[in-house]
Amino acid sequence: MINGVLERYGEYLPLTEKTPIFTLGEGDTPLVKSESIAAEAGCGELYFKLEICNPTGSFKDRGMVVAVAKALEEGGDTIVCASTGNTSASAAAYGARCGLNTVIVVPNKYVARGKLAQAVTYGARIMLIDGGFDDALRIVRELAAKHPVVLVNSLNPYRLQGQKTAAFEIVNDLGTAPDHLFIPVGNAGNITAYWLGFQEAHQMEWTGTLPKMMGFEAEGAAAIVKGHPIETPNTIASAIRVGNPASWTKAVRAREESGGAIDSVTDDEIMEAYTLMAREEGIFCEPASAASVAGLLKLARGGMRLQDSKVVCVITGSGLKDPDTAVGVDPVFREEFPADTGAIEDAMGLA
Ligand code: AN7
């Protein structure tokens, strides 16, 4: 039986005796050891935290279950969020499970097809806007300020509380914090949540050390790296196509307090890491998730010495969510045949 985030971590979360406890099976995700990319990056040890194993295929579920439980506790009947896709899929799932009205406000053009398919099927009300994520976030903030609807973006502090539990699991699995944590950065909530989780784990003496937090934005949406909001962000990694991250200052604090870095990777670097993950490691992640691996490879190739380091890359979302990007990858071999064994034997050189 999977306990879920609320039951397993309840004592570390801001729950009360009135908070409903339920789960879709979120949390408790695998930490998988790398061979190939570890060697390529010269890492002593490299692990992937597979957040793609959450019920809607992304890390958002850890935080959503807490945000939705608190919304129910507080008597809410409608949840709203802006999203580049994964938050909306998660909100739609937990909203459906709990009988809430779920309203998602998303960019018309830039949400990966699998994520929209999830929201449609879970039965959310889908508001497609002629704008980007930053516009969508402004709209839902205004809605939540004026009306009795619960905002479930990561501005909702319960989201970050739930997401911090992934750091607890890493510490538990390794017996200590890693030396470096590589993580994609979009709206900057997750890097903030992990830093909170590692700090709490340190205070509770589950680990004597803390990781350096290594965040990676996409180059076309690298507001934090460039030091100013990006008017028209653009990247193939649509999940992190954010021009003005809501948790900007908290992410900078995580970088400074941990002695880490926030840097950017190009779409080419993202796509290289995306295919390497699939072809060398057998892990199908979405492009935004590959930004963490691309960042690791970029720094390793730039001369960063990691041979004595324990490194974790957070793999935030599933490759199945973005089939259009996946089918655009050059196949190793792909050809059409008659339904005939001989033709395939010929093509395989087995004749
Ligand atoms: C796969 O769903 O912002 O830095 O609206 O889906 O906490 O924003 C998603 C973000 C990384 C970045 N990887 O996390 C949304 C949304 C994946 C993501 C991020 C997202 P944050």
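Brief remarks follow.
- Unique residue being more than 12 Å from the ligand (Cβ to nearest atom) and of a type in the set (Ser, Thr, Tyr) when the list is 192, 207: 207
- For residue 121, the requirement of being hydroxyl-bearing (Ser, Thr, Tyr), more than 14 Å from the ligand (Cβ to nearest atom) and within 24 Å of residue 23 (Cα to Cα) is met.
- Residues in the range 286-315 that are touching a strand residue (DSSP E or B) at 6+ places or on another chain (Cβ under 7 Å) and either under 22 Å from residue 54 (Cα atoms) or polar (S, T, N, Q) (or both): 286, 288, 289, 291, 292, 293, 309, 311, 312, 313, 314, 315.
- For the range 255-262, the criterion of being under 19 Å from residue 311 (Cα atoms), under 17 Å from the mean Cα position of the chain (by Cα) and not in a helix (DSSP H, G or I) is met by at least one residue.
- Strands (runs of 3 or more DSSP E) contained entirely in the range 78-140, each with at least 1 residues that are surrounded by 19 or more Cβ atoms within 10 Å (Cβ to Cβ): 78-82, 101-107
- Residue match in the range 166-176 (condition: touching a Phe, Trp or Tyr at 6+ places or on another chain (Cβ under 7 Å), within 12 Å of the ligand (Cβ to nearest atom) and within 23 Å of residue 251 (Cβ to Cβ)): yes
- Residues within the range 23-40 that are of a type in the set (A, V, I, L, M) and buried (at least 24 other Cβ atoms within 10 Å of the Cβ), tallied: 0
- When the residues of the range 41-77 are filtered to those that are among the hydrophobic types (A, V, I, L, M, F, W, C), within 20 Å of residue 15 (Cβ to Cβ) and out of contact with any strand residue (DSSP E or B) (no Cβ under 8 Å at 6 or more places or on another chain), the one that is surrounded by the fewest Cβ atoms within 10 Å (Cβ to Cβ) is 72.
- Within the range 279-300, being more than 17 Å from residue 268 (Cα to Cα) and away from the ligand (no atom under 16 Å from the Cβ) holds for 280, 281, 282.
- Residue 249, sole failed condition from (1) without any contact (Cβ under 8 Å) to a residue 24 or more places away in the chain; (2) away from the ligand (no atom under 15 Å from the Cβ): (2)
Since every read-out is calculated from the coordinates, none of them should be taken as a lab result. This is a predicted model, so every value here is computed, not measured. Glycine gets a Cβ as well: all are built from the backbone with ideal geometry, and neighbour counts include every protein chain shown.
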